[in-house]
1. Can you figure out the FRET efficiency of HIS196 with HIS21, using R₀ = 22 Å and their beta-carbon distance, to the nearest 0.05?
2. Just to verify a number: FRET efficiency for LEU123 and ARG150, C-beta to C-beta distance, R0 = 35 Å, to 0.05?
3. Tell me which residues come under 5 Å, amide H to amide H, from LEU157 once H is placed; ignore anything under 5 positions away on its chain.
4. Which listed residue (PHE18, LEU55, SER84) has the Cα farthest towards the positive end of the charge dipole for the range 1-95, taking +1 on Lys and Arg C-beta and -1 on Asp and Glu C-beta about the Cα centre?
5. Using only the Cα atoms of the range 104-190, build the gyration tensor, take square roots of its eigenvalues as a ≥ b ≥ c, and label the shape rounded, prolate or oblate: rounded if a/c is under 1.5, else prolate if a/b is larger than b/c, else oblate.
6. May I ask you to order 42-48, 200-206 by the average number of other C-beta atoms within 10 Å around their residues, highest value first?
7. Let me make sure I get this right: for the chain, a, b and c are the square roots of the gyration tensor eigenvalues over alpha carbons, sorted descending. Under 1.5 in a/c it's rounded, otherwise prolate if a/b > b/c, else oblate. Which is it?
8. Counting only C-alpha contacts under 8 Å and six or more residues apart, can you give the relative contact order of the range 4-160 as a whole percent?
Amino acid sequence: MAAASETLYEHIDEALRFFYHEGFIPRGYGTFITSKLKLQGQEVDEKSAKDLVGLAILLHDVGKAHSLYQKAIERYEREGVWRSRIVHELYSVAVAQRVLILNEEAKRLVMTAILLHHEYMRLPNSSMVDEPFKADIEELKRVIMELSLRYGLSEHLKLSEIRMLSKHEVRSVVKSLVAQIKVDRRLYACAALILHPLIICDNISAHRHRRDRIPRILEDVDVLKDEEKAYDILRGVFGNHG
C-alpha cells in the first residue's frame, strides 16, 4: 500500500500516466528537459531524458514497501492516527541505487530527485535511517516489473538486485548522496528538472486516490478562500481531471 486507500501500484501508475499521457510529455517537456540538460553539460537524447523522469517517478515511493511502513498504514486505517519513523524516500533511494542501470551521472540525478521529493528545500540526515529495509521483496519486484514494462523503462533496471538492506547500507547511500549534493551545484540544478514533474505527478496521483486531504502542493495556501482559486489554476494547467 502507498496509503490507506491506495495501493503502491495504483499510485505509481497514476503518476506515470499523468507524466507521459496527460501532464508533461504531451506539452513538450521531453524537448524542454533535453535542452536544459544540454545547457548543463549533460548530453542526452530526448528519450533518455524522459526516461530519467519516468524512473524517478517509478521508484520514488518504493521505500513505502518497508514492513514497518505498511504496519503504520494498517494502524492508521484502524485508529486514524499516523505514526511512523520510517522516512520512506531514504529507503527508496537505497533501492534505486541498487537497481538502476544508468551511467553514474544519470543515476545521481534520478536518486537526487527521489531523495528530495518531499523535502526539496532541506537535505535529510542519514541518521534518520534507524531501521534496516525489510519488505515483501517478491511483491515489490512484481510491482516495479509490471509498471516498468508498461512505460518502457525496464531496460534501465536490474530487479534481481532488490533485496533486504541493512541500516548501515541505507545510511551509507543517503550520506554519500547528501555529501555530493552539498558540493555539486550542477547536480541540484539538473535534478530539479526531474524533481519538478516528480512532485507534481506524485501529488496529482495522491489526490486522485486520497480525497481526505488536499494535495501537498496546495498546503502552503494561507487563506482557505484561496484554495478553490488554486484548484482552478491547476485545472487550467493540467486539464480538468477533478
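Rule-based calculations on the coordinates, nothing more; no lab input. Just so we're clear, the structure is a prediction, and the values are computed from it rather than from any experiment. Reconstructed Cβ throughout: ideal geometry from the backbone, glycine too, with neighbour counts over all protein chains shown.
1. E(calc), rounded to 0.05, equals 0.80.
2. Step by step, r from the Cβ atoms, then E = 0.60.
3. Counting only residues 5 or more places away or on other chains, the set is ILE101.
4. Sorting the options by dipole projection puts first SER84.
5. Verdict is oblate for the range 104-190.
6. 200-206, 42-48
7. Rounded.
8. Relative contact order of the range 4-160: 26 percent.
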